[in-house]
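The values are calculated or read from the model by the stated rules, or taken from the named source; none is laboratory data. The shown structure was predicted, so the numbers you read here are calculated from the model rather than taken from an experiment. Virtual Cβ from ideal backbone geometry, glycine too; neighbours counted across all protein chains shown. The protein model used for the area step is the full one, side chains on, heavy atoms only, and it has no ligands, DNA or RNA in it. Shrake-Rupley method; radii C 1.70, N 1.55, O 1.52, S 1.80 Å.
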Amino acid sequence: MPDLSGKVAIVTGAGRGIGREHALALAGVGARVVVNDLGASVAGEGADTAPSQQVVEEIKAAGGKAVANDDNVADFAGAERLVQQAVDAFGRLDILVNNAGILRDRMLVNMEEHEWDAVIDVHLKGHFAPTRHAAAHWRERSKAGEEVRGRVINTSSPSGVFGNVGQANYGAAKAGIAGFTLIAAQELGRYGVTVNCLAPNARTRMTEQAFGELPVETDDFDPIDPANNSPIVVALCADEAQEITGQVFFVYGGAVNVLRGWEAGELFSSESGWDPDALLDELLARLPEGAAPAGMQVSMQQAGGRSTRTL
Ligand SMILES: NC(=O)c1ccc[n+]([C@@H]2O[C@H](COP(=O)([O-])OP(=O)(O)OC[C@H]3O[C@@H](n4cnc5c(N)ncnc54)[C@H](O)[C@@H]3O)[C@@H](O)[C@H]2O)c1
């Protein structure tokens with residue numbers, strides 16, 4: 001087990017589901033944890049301080065140290081308060097797990113503006129804002145001469161990296177988070193900060209809303225237990241993982257797959273530039289079956305998992 005004692009972590013959306021497991025796992029290996037959760041509904045409505053408080057009590061009952069925070073991660077000033085709270089309570093910040101999220105699924109043709117805006121806001125801005133303020137904290141320490149070993153773990157989704165019908169808002173935000181991970185990794189490496197990303201899978205209220213109630217496995221190992229997503233978080237937070245950055249990890253049960261994102265593929269090259277006719281001929285010749293996304297379920301199977309929708 002990596003020993004994270006001495007480290008301070010923020011986990012957003014940690015009042016329930018996957019985030020709760022990350023918070024418990026990090027506290028379990030010695031990190032002091034700021035448990036952030038707005039206490040919103042799956043659709044992002046309302047607020048409740050009970051979920052974050054409960055997780056803080058769980059951590060304390062197990063002998064760990066934690067404080068609750070109920071700021072909205074998509075609020076720029078709220079995210080600054082969140083980072084400041086870690087520094088005020090525990091003197092520093094080492095780990096930021098961006099996990100908070102909501103769903104407002106709808107087919108693209110029917111999607112309302114507020115359904116688009118709310119989901120983009122919580123996920124995409126809700127990753128940017130805490131990361132931005134954490135990065136300023138790490139830059140300051142790095143410039144003061146400290147050898148920083150900062151960690152950001154973002155949360156994408158199979159929906160974002162493979163594409164899922166009915167989730168144009170959510171999938172676009174989650175694809176954006178994968179792209180944000182690449183850029184943040186390149187920008188923050190100079191301050192000693194690694195930035196990685198999960199594409200998790202779990203039985204939570206979120207997947208139950210999207211796919212209906214999911215069965216609880218009674219065998220020894222439940223592949224969609226939310227806790228399955230946390231070992232990779234703990235591993236990436238170890239000092240030894242300092243050179244692993246900018247990666248997106250698909251997690252399903254015991255499968256952790258380092259995904260390959262956009263990378264160079266089939267090259268159509270013309271030294272004198274293309275005219276559309278010639279390029280179309282070449283496209284049709286080289287792609288006789290056409291080209292289309294495989295979809296989330298097939299792609300998840302290739303990555304070592306399966307869709308909760310098919311359980
Ligand atoms: N469950 C899965 O299979 C799955 C798959 C792919 C991605 N994810 C992602 O994993 C993350 C966790 O999802 P989950 O399944 O545990 O869902 P969940 O609904 O159980 O937990 C999400 C938590 O985020 C909190 N939250 C929502 N908006 C917030 C805000 N603005 N500020 C602070 N907290 C806020 C909620 O109150 C909730 O406690 C999400 O980003 C989700 O999109 C989940």
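Within the stretch 28-44, residues that are more than 9 Å from the ligand (Cβ to nearest atom) have Cβ atoms under 6 Å from residues that are of a type in the set (Lys, Arg) and at pLDDT 95 or above in these pairs: ALA31/LYS7; ARG32/LYS65; ALA43/ARG104, counting only partners at least 6 apart in sequence or on another chain.
This table checks each residue for (1) open to solvent by less than 50 Å² (accessible area, probe 1.4 Å); (2) charged (D, E, K, R).
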| residue | (1), (2) |
| --- | --- |
| PHE250 | yes, no |
| VAL256 | no, no |
| GLU271 | no, yes |
| ASP275 | no, yes |
| ARG286 | no, yes |
| GLU289 | no, yes |
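Among the residues of the stretch 52-67 satisfying the criterion of being out of contact with any Leu (no Cβ under 9 Å at 6 or more places or on another chain) and open to solvent by less than 30 Å² (accessible area, probe 1.4 Å), which is farthest from the ligand (Cβ to nearest atom)? If we take residues in the stretch 52-67 being out of contact with any Leu (no Cβ under 9 Å at 6 or more places or on another chain) and open to solvent by less than 30 Å² (accessible area, probe 1.4 Å), then ALA66 is farthest from the ligand (Cβ to nearest atom).
In this structure, MET111 does not satisfy being open to solvent by 50 Å² or more (accessible area, probe 1.4 Å) and out of contact with any helix residue (DSSP H, G or I) (no Cβ under 6 Å at 6 or more places or on another chain). Can you name the residue in the stretch 299-311 that is out of contact with any Gly (no Cβ under 9 Å at 6 or more places or on another chain) and open to solvent by less than 70 Å² (accessible area, probe 1.4 Å) and, of all such residues, is modelled with the lowest pLDDT? Among those residues, the one meeting the criterion is LEU311.
Here LEU198 fulfils each of the conditions (1) closer than 20 Å to MET296 by Cβ; (2) open to solvent by 70 Å² or more (accessible area, probe 1.4 Å); (3) not polar (S, T, N, Q) apart from (2).
Among the residues of the stretch 250-286, those that are outside any strand (DSSP E or B) and in contact (Cβ under 8 Å) with a residue 12 or more places away in the chain comprise GLY253, GLY254, LEU259, GLY261, GLU266, PHE268, GLU282, LEU283, ARG286.
Checked against the criterion of being buried (at least 19 other Cβ atoms within 10 Å of the Cβ) and more than 17 Å from GLY13 (Cβ to Cβ), the candidates ASP105, ASP70, ASP37 yield just one match: ASP105. Inspect all residues belonging to the stretch 183-195 and state whether any of them is surrounded by fewer than 23 Cβ atoms within 10 Å (Cβ to Cβ) and over 19 Å from LEU93 (Cα atoms). Within the stretch 183-195, one or more residues are surrounded by fewer than 23 Cβ atoms within 10 Å (Cβ to Cβ) and over 19 Å from LEU93 (Cα atoms). If you go through the stretch 147-156 one residue at a time, do you hit one that is open to solvent by 50 Å² or more (accessible area, probe 1.4 Å) and not basic (Lys, Arg)? There is at least one residue in the stretch 147-156 that is open to solvent by 50 Å² or more (accessible area, probe 1.4 Å) and not basic (Lys, Arg).
Taking the criterion of being open to solvent by less than 10 Å² (accessible area, probe 1.4 Å) and more than 12 Å from ILE95 (Cα to Cα), the only residue of the stretch 16-26 that qualifies is GLY19.
Taking the conditions (1) of a type in the set (A, V, I, L, M); (2) within 30 Å of ALA40 (Cβ to Cβ); (3) in contact with a Ser or Thr (Cβ under 8 Å, 6 or more places away or on another chain) in turn, ALA241 satisfies each one other than (2).
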